[in-house]
Structure formats: C-alpha cells, structure tokens
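> Mind having a look at this structure? Questions to follow.
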Amino acid sequence: MSEISLMTQQISEEVIAECLRHQVAPVALTPQYLTIAAIQGQPLHQVTASLAFTCGRQVKIEYWPRIKIEQYLSELSHRRPDRALLEAAGHQQPAEISTTQEHDDEPVVQFINQVIHQALKRRASDIHFEPYANHFRIRLRIDGALQEAASPPVVLAPQLVARLKIMARLNIAERRLPQDGQLTFLHDKQERALRISTLPVSDGEKVVLRVMESEQHQQSIDTLGMSDAEQQLYIQMLQQPQGMILVTGPTGSGKTITLYSGLRLLNDASRNICSVEDPVEIPTSGINQTQVNNKIGVTFNTALRAFLRQDPDVLMVGEIRDKETAEIAIEAAQTGHLVLATLHTNSAAETLTRLGQMGIPDYLLASSLKLIVAQRLIRCLCPYCKQQRSEPDNIHIEQGNISCHTFDAVGCEHCVRGYYGRTGLYEMLVINEDIRHGLLASQPASQLHRLACHHGMTSLLQAGAALVKQGKTSLAELYRTLGSSAESTLS
C-alpha cells in the first residue's frame with residue numbers, strides 16, 4: 001500500500017474532496033485533530049474553518065514545499081477518482097454524448113475545472129486528454145516533460161471532450177474532423193487563455209490544451225536566462241531604427257517569449273507596434289495584434305501588406321513560413337521598419353541557409369538582417385538533491401575540452417525527478433561585415449558558424465556546457481535538449 005493510501009485511509013471521502021478543492025493535502029486524522037499540509041503563505045482561514053466544520057475536529061497545519069504538495073495532490077487525484085464522477089459514469093451509456101450546456105455543478109464540469117486549475121498551479125504548458133480502448137488518460141507537460149495527472153472513467157470520455165468543446169465554442173457534433181479554437185479560464189481571479197486542438201484517433205477524440213502566456217505573466221529580458229552580454233546585445237539590436245531580428249528554434253523552445261520580451265521593452269506611446277500571429281499568443285495592451293484567419297483570407301502576407309500601409313515602426317511576424325512572407329518582411333526591414341520574426345531552424349547559421357533555400361537572395365539577407373537568435377529551453381537541476389559525480393567529465397566544445405565535476409538529477413520532495421524549472425540556451429549571430437562577405441560568397445552554414453564563433457558568438461553547445469559546469473543542469477539533460485549530435489561531440 002502506498003504512503004498516500006496509508007495516510008488517507010482513515011479520512012472520509014468528503015474531507016478529501018474538500019482538501020482537493022482548496023489545494024491542501026490531508027495528512028492524518030485523530031479523534032481530536034485533522035492534520036493538513038499547505039504551502040507557506042497560502043491563505044488558510046476559510047480553509048481551516050470549512051474543514052473543521054466538515055470533519056468536526058480542530059485543524060492542524062504543516063508546511064511543505066510547493067512541489068511536494070503538487071505531487072501529493074496529483075497522486076491523490078489519480079488514485080482516487082471523484083466519487084460524483086464515478087456515479088455519473090455508472091449512469092452513462094457508452095454512446096451517449098451531451099449536446100447541451102452543462103450546469104456548473106455537474107461532476108464533468110467540476111472535474112474539467114479541477115484539472116485545468118491543477119495544471120495552471122503546476123506551471124503546465126500543455127494538457128493532454130487521451131482516449132484509449134480501456135482507459136482515459138490525462139497528462140500535463142511540466143518543464144518540457146509529460147506527467148500523468150488523472151485517469152477518469154473511460155465511459156465519460158465523450159462527455160469530457162464535449163465539455164471542452166463547449167468551453168471553446170467548437171462544434172460538438174463534429175467528431176470526424178480536427179478542430180482548433182481558444183477558450184478563457186478564470187484562475188486566481190485572472191483570465192487565462194488556452195488554445196484547444198481536437199483530433200480524431202482510433203478510440204475517440206484526443207484534445208490538447210496549450211496554456212498561453214498572459215500579459216500579467218509576461219517575462220522581461222532579464223528573466224530569460226541570457227548572460228549579461230547577450231542581454232546587452234539583444235537590447236542594442238532592439239534599439240536599431242530598422243532591420244530584422246530573427247529568433248529560431250524548434251516548437252516549444254520559447255521563441256515567442258523572447259520576441260515579446262523585446263516588444264515589452266519597445267512598447268511605449270512613441271511607437272506604432274503591429275503583430276500578425278497564428279494565433280495571438282500574448283494579448284498585450286499597446287500592440288496592434290492581428291490573428292491569421294485563412295478561411296476569410298487573412299494570411300501572414302495580407303496582414304503584413306495591410307500593416308505597411310498603416311505607418312508602423314515595429315512589425316512582429318509570428319512565423320515566416322514561405323517565400324512570400326519572407327520577402328515582405330525583408331522589404332519592410334529595408335524600408336525603415338524594425339521587424340521581429342521567428343523561423344524553425346536548428347542553429348543561427350542554418351537560418352541563413354534556410355532563407356536562401358526559400359529563394360531569398362544573399363544580398364537581401366546581408367543588407368536587412370541584424371541579429372539571429374537560436375535558442376532552446378533546458379531543465380534546471382534541483383538545488384536540494386542534485387548529486388555531484390566523483391569523477392570529472394570531459395566536455396568537448398569548439399575551443400577544446402572542459403573538465404569538471406558534473407551533477408546528476410536525483411529527485412526529492414522539492415522537485416520533479418531531480419529537476420525544477422527551465423532556463424534558456426542562446427546562440428546570437430550578429431550580421432557583421434565578415435558574415436555579410438561570407439553570405440555574399442555563398443559560404444556554407446558550417447563555415448558561417450565557425451566565423452561567427454571566431455567573432456565571439458557563444459554556440460548552443462558552449463552555453464549548455466557552461467550551465468553543466470556551473471551545476472545548473474546535467475549532461476544527460478544537455479544531450480536530451482540538443483540531441484544526439486551534441487552527445488557525439490561530448491566525451
């Protein structure tokens with residue numbers, strides 16, 4: 001029997017449900033006291049009064065680390081499906097799907113709300129609702145890794161999916177085609193936006209919610225994990241009156257956050273800032289934001305052309321996907337506008353090759369580009385439990401070998417499998433005279449990369465190796481983040 005089962009077996013379902021509602025952990029029950037665990041600073045006056053009334057005992061409080069509370073409640077929810085939800089499943093026919101707006105007190109509605117609240121509290125970036133033949137799985141992506149959160153009765157899968165569609169105003173009768181949309185959710189008295197995507201799979205419909213950043217949670221440049229020199233360089237390039245800044249990397253590498261941190265710095269009454277995105281990631285006051293809508297002809301290209309007729313100072317392009325969008329963005333960068341955009345490439349130097357493959361002439365890239373930022377997000381080791389290796393490791397980078405005692409992830413009550421939180425790895429390529437000459441000479445990406453490193457660029461591998469040496473992350477996490485190519489260069 002697990003530790004949680006032993007601790008809660010004497011506590012009634014009603015008390016456990018009340019603890020889950022208030023996000024406190026039920027620890028022990030005696031004839032005189034109910035002991036709960038909470039986070040230091042959490043307001044508890046109403047919680048203790050409610051629990052004392054429910055169980056008829058005085059309430060004692062212990063204080064645990066936030067991550068321990070989150071893990072405890074997650075496992076408790078997973079091991080103990082909501083009683084009302086089970087009762088609803090007992091009356092549910094497998095083919096039955098609700099097509100009307102549920103009341104807020106219905107079990108399915110309460111369960112969905114509880115899952116989203118828990119995900120937001122645990123800093124999840126995505127919520128996955130996955131139907132299988134014999135079970136229904138809910139997982140949260142936290143710090144880039146998926147973790148199982150709950151497993152409601154599989155017979156309720158159609159109702160759970162229908163509820164999510166209703167929240168996003170999607171067509172609940174359409175179950176054969178993928179659908180996309182957006183919903184808002186009230187959490188801690190603040191509205192949070194979530195992007196929804198549905199997809200038919202073999203055992204029903206899979207739904208993924210992506211948590212979108214809010215203006216209140218928007219990060220500034222000094223919180224991204226850049227070094228002091230990288231911060232200064234980024235700010236310096238943002239102050240240029242014209243030109244293009246590109247931020248590159250795979251999906252989920254934090255590109256949009258980097259761009260918005262720059263827009264936040266520029267956002268004042270003296271500038272006309274316009275953005276076109278698919279969808280609008282962070283609604284921000286002071287920025288004219290347009291969302292792509294292909295159904296009615298609002299594409300990146302048409303929106304950019306319209307913006308150029310509205311006297312912009314700064315343009316932000318959510319993603320350069322084709323030659324036409326790239327040409328318009330570069331034209332804007334050459335005609336007195338500062339353009340910020342994202343592109344999917346693996347490194348800063350490869351961005352130049354990718355744009356060339358799109359059909360953009362080298363001379364236009366050389367004259368319009370100012371800075372290319374390639375980035376990744378890497379998990380940080382937990383400071384409470386990381387364990388130093390007895391033997392030093394050799395890390396091979398462009399300049400040679402680094403020998404240092406590295407740390408391994410262990411796992412404790414303060415973290416998730418030895419990690420807590422993420423920071424950024426950055427590679428900043430400044431388009432200087434030598435890089436321009438290299439571009440005009442059609443040098444390959446590898447040669448442009450070496451040339452940039454010669455002029456002081458820190459590569460992604462160097463940035464990651466520095467964090468490993470400082471004990472902020474592990475070699476295993478560096479391999480996972482940069483892929484097998486990085487592992488092959490480390491010895």
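The values are calculated or read from the model by the stated rules, or taken from the named source; none is laboratory data. As the structure is a computational prediction, the values presented were derived from the model and not from experiment. In this analysis, Cβ positions are derived from the backbone assuming ideal geometry, glycine residues included, and neighbour counts consider all displayed protein chains. What goes into the accessible areas is simple: the full protein's heavy atoms, side chains included, and nothing from ligands, DNA or RNA. Shrake-Rupley method; radii C 1.70, N 1.55, O 1.52, S 1.80 Å.
> Quick check: residue separation of ASN288 and HIS454 times 0.36 nm, minus the Cα distance between them. What number comes out in nm?
Gain on extension, ASN288 to HIS454, equals 55.8 nm.
> Identify which of the listed values of Cα Rg over 2.2 N^0.38 Å was calculated from the structure shown: (i) 1.04; (ii) 1.25; (iii) 1.10.
(iii)
> Where does the chain land at 222 nm, in deg cm²/dmol rounded to the nearest 500, when only DSSP H runs of n ≥ 4 count, each adding -39500 (n - 2.57), divided by all residues? Kindly include the intermediate steps, with their values, before the conclusion.
Numbers: 18 runs with 177 residues, N = 491.
It comes out at -10500 deg cm²/dmol, rounded to the nearest 500.
> Could you work out how far helix 107-121 tilts from the main Cα principal axis of the chain, as a 0 to 90 degree angle to the nearest 10?
50 degrees
> Please work out how much length the chain gains when fully extended from ASP203 to ALA441, using 0.36 nm per residue of separation minus the C-alpha to C-alpha distance, in nm with one decimal.
Stretched fully, the ASP203-ALA441 segment lengthens by 80.2 nm.
> Please work out the C-alpha center-to-center distance from segment 220-240 to segment 389-439 and express it in whole Å.
So the two Cα centres are separated by 19 Å.
> For the chain, can you list the cysteines whose C-beta has no other cysteine C-beta under 4.7 Å from it?
By the Cβ distance rule, which asks for a partner under 4.7 Å, the isolated cysteines are CYS19, CYS55, CYS274, CYS380, CYS404, CYS453.
> Can I ask one more? Tell me, what % of the accessible area of the chain is carbon and sulfur with a 1.4 angstrom probe?
On the way: 10930 of 23140 Å².
C and S atoms contribute 47 percent here.
> Roughly how many nanometres apart are two label points built 7 Å out from the Cα toward the Cβ at GLN240 and THR54?
Spacing of the two 7 Å Cα→Cβ label points: 5.8 nm.
> About the Cα centre of the chain, what is the dipole size in debye to 20, counting +1 per Lys and Arg Cβ and -1 per Asp and Glu Cβ, all else neutral?
For the chain, the charge dipole is close to 340 debye.
> Beta carbons within 10 angstrom, averaged per residue: use that to sort the peptides 307-313, 470-476, 327-333, highest first.
327-333, 470-476, 307-313
> What does the accessible area per residue of segment 355-466 come to in Å², with a 1.4 Å probe and no ligands, DNA or RNA counted? Please list the in-between numbers first.
On the way: 5110 Å² over 112 residues.
Per-residue accessible area for segment 355-466 comes out at 46 Å².
> If you count only protein heavy atoms and use a 1.4 Å probe, how large is the accessible surface of TYR479, to the nearest 10 Å²?
Accessible surface of TYR479 is approximately 60 Å².
> Excluding residues on the same chain fewer than 8 positions from LYS121, give the lysines whose Cα lies under 25 Å from its Cα.
Partners within reach: LYS60, LYS68, LYS165, LYS189, LYS206, LYS255, LYS386, LYS472.
> Roughly how far apart, in whole Å, are the Cα centres of segment 29-48 and segment 268-327?
50 Å
> Of ALA332, GLN462, ILE431, which is farthest on the positive side of the dipole of the chain, counting Cα position, with +1 on Lys and Arg Cβ, -1 on Asp and Glu Cβ, and the Cα centre as origin?
The one lying farthest along the dipole's positive direction is GLN462.
> Something else now. Report the gain in length on full extension from GLU106 to ALA17: 0.36 nm times residue separation, minus Cα-Cα distance, nm rounded to one decimal. Let's see the in-between values first.
Working: separation 89, 0.36 × 89 = 32.04 nm, distance 1.49 nm.
Residue separation times 0.36 nm, minus the Cα-Cα distance, leaves 30.6 nm.
> Over segment 121-250, give the accessible area per residue in Å² for a 1.4 Å probe, as an integer.
45 Å²
> Rounded to the nearest 0.05, what FRET efficiency do ASN134 and ARG176 give with R0 = 22 Å and r taken as the Cβ-Cβ distance? Could you check?
The formula returns an efficiency of 0.45 here.
> Along the Cα→Cβ direction, 7 angstrom out, place labels at TYR384 and GLN310. What is the inter-label distance in nm?
Going by the 7 Å Cα→Cβ label model, 4.8 nm.
> As a test, work out the antiparallel percent of DSSP beta bridges whose residues both lie in the chain, rounded to the nearest 5.
65 percent
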